[in-house]
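Values in this text are rule-based calculations from the coordinates and carry no lab data. A quick note: this is a predicted structure, and the numbers were derived from the prediction, not measured. All Cβ positions, even for glycine, are placed from backbone atoms using ideal geometry, and neighbour counts span all protein chains on display.
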Amino acid sequence: MSIWPQSVVRVEPMRQRDLDEVAAAEATLFDFPWTRGNFADSLQTGHSAWVCRVDRALAGYGIMLLALDEAHLLNLSVLKPWQGRGYARGMLRHFFRTARRNGATRMYLEVRPSNSRAIALYQDFGFVRVGLRRGYYPAGEGREDALVMASDIPP
Ligand SMILES: CC(C)(COP(=O)(O)OP(=O)(O)OC[C@H]1O[C@@H](n2cnc3c(N)ncnc32)[C@H](O)[C@@H]1OP(=O)(O)O)[C@@H](O)C(=O)NCCC(=O)NCCS
């Protein structure tokens with residue numbers, strides 16, 4: 001028997017007090033990160049916003065917009081030290097449950113075509129490519145397209 005207590009993993013609503021930490025994490029993950037103000041606006045707008053904590057440490061976060069029967073996953077991020085351990089999978093399951101409870105039947109997201117890791121994860125959850133938004137993302141030189149992906153949300 002281990003003498004170490006088990007870690008406690010929680011997915012909790014994102015609150016104002018999380019914003020400094022979330023924005024700092026975002027800046028370590030993306031070349032063109034959401035700002036603290038973007039996250040604050042999201043909370044203000046009432047988006048479905050969540051943090052994943054392992055004990056007290058921030059491991060990931062995500063934001064979803066719910067509109068009638070559609071859910072749009074706007075942000076899903078796992079901090080570098082926590083990547084590759086299934087936290088994105090766990091958070092996606094949480095987002096699907098939350099979307100279903102709110103009456104959504106289909107989930108959409110945008111992803112950079114260069115983000116093969118995220119695309120593999122989304123495909124595994126049943127997302128398929130449904131469109132392309134040209135020049136959607138800022139990039140080092142010019143702009144990068146976004147793949148639009150969608151998945152049904154099973155009842
Ligand atoms: C993409 C991201 C969310 C994945 O988070 P994660 O917690 O590392 O993912 P998980 O551990 O849940 O892994 C889920 C799947 O992702 C893919 N994946 C994870 N690590 C990978 C790696 N090193 N190489 C390739 N694919 C990988 C695999 O499909 C994996 O499935 P598996 O568990 O069967 O191997 C995370 O890397 C991240 O936040 N990246 C930066 C921000 C970002 O790109 N967000 C998505 C924007 S659309």
Only Lys, Arg, Asp and Glu count, each charged at its Cβ (+1, +1, -1, -1), so figure out the dipole size of the range 1-133 about its Cα centre, rounded to 20 debye. 380
Looks like the range 9-152, by Cα gyration tensor root eigenvalues a ≥ b ≥ c and the a/c under 1.5 rounded cutoff (else prolate when a/b is bigger than b/c, oblate otherwise), is rounded
For 105, 98, order by how many other beta-carbon atoms lie within 10 Å, fewest first: 105, 98
Spelling it out for residue 139: with amide H atoms placed in the peptide plane at 1.01 Å from N, the residues 5 or more places away or on another chain with amide H under 5 Å from its amide H are 144
With a cut-off of at most 16 other beta carbons within 10 Å, and DSSP calling the residue loop, which GluC sites (Glu not before Pro) in the range 104-155 qualify? Please list them. 141
What 222 nm value per residue comes from the helices of the chain, counting each DSSP H run with n ≥ 4 as -39,500 (n - 2.57) and dividing by all residues, nearest 500 deg cm²/dmol? -9000 deg cm²/dmol
For the chain, averaging the sequence separation of alpha carbon pairs under 8 Å that lie six or more residues apart and dividing by its residue count, the contact order in percent is 17
Please sort 82-89, 19-26 by packing, taking for each peptide the average over its residues of neighbouring beta carbons within 10 angstrom, highest first. 19-26, 82-89
Two pseudo-spin positions, 7 Å from Cα along C-beta at residue 124 and at residue 21, lie apart in nanometres by 2.6
Starting from the Cα-Cα distance between residue 141 and residue 4, subtract it from 0.36 nm times their residue separation and give me the gain in nm to one decimal. 44.4 nm
